[in-house]
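Reading through the structure tokens given below for one structure.
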Amino acid sequence: MADPRFYDNRGPFRLAELCKETGLDCPPHADGAALVFDVAGLRQAGPPHLSFYDGRRDKEDFLATMAGWCLVGNKLRDCVPPDTVLLPCGAVARMFAAIACRFYPEHELDIRVQETSIHPSAKLGEGLVLAPGVIVGPGAEIGDGTRIGAYSVIGRGVTIGRRVEIGPHVAIGFAHIGDDVLIQPGVKIGASGFGFSSGPDGHLKVPQLGRVIIQDRVELGSNSTVDRGTLGDTVVGEGTKIDNLVQIGHNSITGRHCIIAGQAGLSGSAVLGDFVIVGGKTGVSDHVTVGDHARFAGLSGVARDVEGGRDYGGIPARPIREWHKETALIAKLARKGKRSTDE
């Protein structure tokens, strides 16, 4: 569910109203007068909420969901949750996006005019240092001893812990930041995740209604970005160190004390275990899970789940000794081919 500190819910709406406005067929057995109070992910949803299941992932979450209503594909063959009304449709993600936009029409950016740079409702701790041009939005909370560089923007509802160091030209929104965090200049936290539903009419933006959680003692390098989740949270685990120009995609989770080198990137919903090391320019594909203490050489491409406690390299990433052997064999074949051509 969307955090009310960051998002304004325009609901509730009657089910029949939502169906009519989005072109969804309301099933005959469904109560069209029932009130839908919010949209939520399968795990978080309760009886007042509408969720969605596209049939590709999260089957266990679908079967266990407590959602009152759930958008599903027309050809769903899975078992049905006992207390959930299914709403069949042709394009599940697009329909969910359309309904979510009804609840949260201003979901993309939080842009508002305030008379002072520090909103009156913001809560500021003791011993703060705010450089010129800092803007603190409504409902934001900043802990004792935090220092914020020039022209940084702290958005509505953001919470920042104690002794946090924030460089100039940083933008933080839709986020909760722990204690003793270091954020270098130019970092962007809480940007909209890169989520679209594609169809014949183009690419429909799926509202990104989640948050970013930065735990204690994290470091974020200059010009890195951390996108907020779609419905859940993007989480950077305690003690993780992130280099410059790193992209953390929506709903990604890093464990504790990970190292992510420059120009690496995590796609949406990637999960890193504890003490994972990601070399420079390495890419981790969406929905990939990496075990604890795994290590990746630079320029690796992690395309599938990998177990922890091992070193990997190459594209696709595989155990590093295997990669070295393959590389040596290819070089040997290339030399042999060159000799044959010269002869």
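The values are calculated or read from the model by the stated rules, or taken from the named source; none is laboratory data. Because the structure is predicted, anything quoted here is derived from the model rather than measured. Glycine also receives a Cβ, built like all others from the backbone with ideal geometry; neighbour counts cover every protein chain displayed. Just so you know, the surface numbers come from the protein's heavy atoms only, side chains and all, with ligands and any DNA or RNA stripped out. Shrake-Rupley method; radii C 1.70, N 1.55, O 1.52, S 1.80 Å.
Tell me yes or no: at least one residue of the range 49-72 is under 26 Å from Gly190 (Cβ atoms), open to solvent by less than 20 Å² (accessible area, probe 1.4 Å) and either touching a Phe, Trp or Tyr at 6+ places or on another chain (Cβ under 8 Å) or not aliphatic (A, V, I, L, M) (or both).
Yes, the range 49-72 has at least one match.
Of Glu108, Glu115, which residue is acidic (Asp, Glu) and in contact (Cβ under 8 Å) with a residue 12 or more places away in the chain?
On the way: Glu115 fails: in contact (Cβ under 8 Å) with a residue 12 or more places away in the chain.
From the options Glu108, Glu115, the qualifying one is Glu108.
Please note which strands (runs of 3 or more DSSP E) are completely contained in the range 118-212 and include at least 3 residues that are in contact with a Phe, Trp or Tyr (Cβ under 9 Å, 6 or more places away or on another chain). Even if it seems obvious, please write down each step before you answer.
Values: elements: 175-177, 188-191, 196-199, 202-205.
Hits in the range 118-212: 188-191, 202-205.
Give the number of residues within the range 73-94 that are surrounded by fewer than 22 Cβ atoms within 10 Å (Cβ to Cβ) and within 21 Å of the chain's Cα centre (by Cα).
2
Quick one: how many residues across the range 159-192 are among the hydrophobic types (A, V, I, L, M, F, W, C), open to solvent by 10 Å² or more (accessible area, probe 1.4 Å) and either in contact with a helix residue (DSSP H, G or I) (Cβ under 8 Å, 6 or more places away or on another chain) or more than 20 Å from Gly139 (Cβ to Cβ) (or both)?
Within the range 159-192, residues that are among the hydrophobic types (A, V, I, L, M, F, W, C), open to solvent by 10 Å² or more (accessible area, probe 1.4 Å) and either in contact with a helix residue (DSSP H, G or I) (Cβ under 8 Å, 6 or more places away or on another chain) or more than 20 Å from Gly139 (Cβ to Cβ) (or both) number 1.
Pull up the range 291-317, narrow it to residues that are out of contact with any Gly (no Cβ under 6 Å at 6 or more places or on another chain), of a type in the set (A, V, I, L, M) and closer than 21 Å to Gly221 by Cβ, then point me to the one that is most open to solvent (accessible area, probe 1.4 Å).
Leu299
Is at least one residue of the range 123-146 acidic (Asp, Glu) and open to solvent by less than 60 Å² (accessible area, probe 1.4 Å)? Before the answer, list the steps.
At the first step, the residues of the range 123-146 found to be acidic (Asp, Glu) are 126, 141, 144.
From the residues that got through so far, the ones that are open to solvent by less than 60 Å² (accessible area, probe 1.4 Å) too are none.
Taking every residue of the range 123-146 in turn, none turns out to be acidic (Asp, Glu) and open to solvent by less than 60 Å² (accessible area, probe 1.4 Å).
Kindly provide the set of residues from the range 185-214 that are free of Cβ contacts under 8 Å to residues at least 40 places away in the same chain and within 15 Å of the chain's Cα centre (by Cα), ordered by number.
First, pick out the residues of the range 185-214 that are free of Cβ contacts under 8 Å to residues at least 40 places away in the same chain: 185-191, 196, 198, 200-203, 212-214.
Passing the criteria: Lys188, Ile189, Gly190, Ala191, Phe196, Val212, Ile213, Ile214.
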